[in-house]
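Written below as structure tokens is the structure these notes are about.
Coordinate-derived values only; no laboratory data. Please read these numbers as outputs of a predicted model, since none were measured by experiment. So basically every Cβ, Gly included, is an ideal-geometry build from the backbone, and we count neighbours across all protein chains shown.
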Amino acid sequence: MNPAPEHLVEAVLLVSARPVRLGDLASAAGLSEGETTRALANLSDRYSPEASGIVLRAVAGGHFLSTNPACSGAVERFREEARPAPLSGAAHEVLACVLYLGPMTRGAISRVRGVNSDAVVRNLLERGLLAEVGSDTEAPGSPALLSVTDDFLAAADANSRGDFPPLDSLVSEEELARVRERLTAPEAAPAEREG
Amino acid sequence: MTAPSTGRSLADFTVELDVYSGPYEWLLALILKDELEIFEVPLRELVGLYAGSRDPEAANALDRDTDFAGSAAALILLKSRTLTPALEPEPDGEEAAATPEELAERLQEYLKIRRAADDLRERFARAAGHYPSAHTAPPKPGRLRVSNDRVTLVARRVFSRLVEPPVRHLGPITVTLQELAGMIRAGLLRGPVSYEDLTRGMDRLRSAVAFAAALSLAQEGAVRLVQPEPLGALTLELLEAGG
């Protein structure tokens, strides 16, 4: 008896600890991409957060199975591991810089943030959320260019960079206008201040 | 009378922070070694922890307070210095003062990044608790990257001739293997002899040749080598009297 397409796809996903792209999944299961897509659709119903302790996620350009976050306490007790400490505010800022303005150098990140960010970048490289993807050959010393990784997309539950809201939509025009007004408005006259 | 200062009055002060948990002295060391970013350390919380832990009646209370105040002041100074942006100098050597418009533009960009960081934090929090399969596939051989430099280095090692060890420290060889074999046979006629006794008084070279001769005799079946434990004493016994 030949296994059903869902079973083949399910088996391949079970043994992968990383997102598997559709083409790789189809190739491994011996299915067409159409059959694989239909199998994934059926599996996503079976592996929904409401129906199972395992969920099927579409992240970082691929699909993979992971545990349901609602069951994370049991998993952590079984593994005798605490959940990794959340990232600091500085780390989130660096990731946001690289996500929206990158690939960019360490120096460029520091200029945007206004503070030296080398230590934060080093920590994010160690965590696999940032990676060096080339070098800025026009800058002195050809500093490395940094970009976000697939691990970052998976950690942010995003399939691609397109899943993030546009940078300009995050701050309203009124807020931006207030910033400009506060910095560019002429200083009040001394008499006015005293009065 | 006060207790003598050991110079480490804060050795027993431990801290519990989000970014670090352990002895305060190690926290300082991690910061100084750049393994923990000073921005991540909430100094106000640190001061609160110390204030909560201090015992004004302790014999070394003054030492502890002084040491903590000194180190906390250094942390504040370090944090304030680190906050200074590492901007590239202007080509003409003088940093041009930013106009209000430029400042406003930079601040607006930073505000967007701050909002994006908040959005990321929420995303990360929502996605936390997903654990992937524990089945980690081995890397595919076809995808391994082979560096040309490493291949060249390995090939050079494989095909290069080994450098012969220097022998100048050895004296002239004045005895042959056969002569030493004869001496061993003669020495064993009176019964088993340890290798140590057999080579007593010999120099290193002669001792080594005697060992080679003993091995040769053992291979011929003329002598038996007995060593009850690895690296233990070696004893030689003659097997054939007339050999």
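When the chymotrypsin sites (Phe, Trp or Tyr not before Pro) in the range A:2-90 are filtered for DSSP coil states and for at most 14 other beta-carbon atoms within 10 Å of their beta-carbon, no site remains.
Please work out, to two decimal places, the log10 of the ratio I(q)/I(0) at q = 0.13, 0.17 Å⁻¹ from a Debye calculation in which every Cα of the range B:1-80 carries one identical scatterer. Taken in order of the listed q values, log10 I(q)/I(0) reads -0.39, -0.66.
Shown for the range B:182-243 is the translational diffusion coefficient from the Stokes-Einstein equation, using the Kirkwood radius over Cα pairs, a temperature of 37 °C and a viscosity of 0.692 mPa s: 280 µm²/s. Among B:K112, B:K79, B:K33, the order by Cβ neighbours within 10 angstrom, fewest to most, reads B:K33, B:K79, B:K112. Between B:E101 and A:R38, the modelled labels are 6.2 nm apart [label points 7 Å from Cα along Cα→Cβ].
Whole-Å semi-axes of chain A's equivalent ellipsoid, largest first, each the root of 5 times a Cα gyration tensor eigenvalue?
Semi-axes, largest first: 44, 21, 18 Å.
Computed log10 I(q)/I(0) for the protein assembly as shown at 0.08, 0.09, 0.13 Å⁻¹: -0.79, -0.87, -1.24, from the Debye equation with unit scatterers placed on every C-alpha and solvent omitted. If you wrap the range A:50-159's Cα atoms in a convex hull and average its projection over all directions, what's the area in nm²? Averaged projected area of the range A:50-159's Cα convex hull equals 8.3 nm². The ellipsoid that matches the Cα gyration tensor of the range A:15-81 has semi-axes, each √(5λ) in whole angstrom, of 25, 13, 8, with the longest given first. The convex hull defined by the C-alpha atoms of the range A:56-118 has an orientation-averaged projected area of 6.2 nm². Each residue of the range B:196-210 was assigned a 3J(HN,Hα) from its phi angle through the Karplus curve 6.51 cos²θ - 1.76 cosθ + 1.60 (θ = phi - 60°); the sequence is 5, 5, 5, 9, 4, x, 7, 7, 4, 5, 5, 5, 5, 5, 4 Hz, with glycine and proline shown as x.
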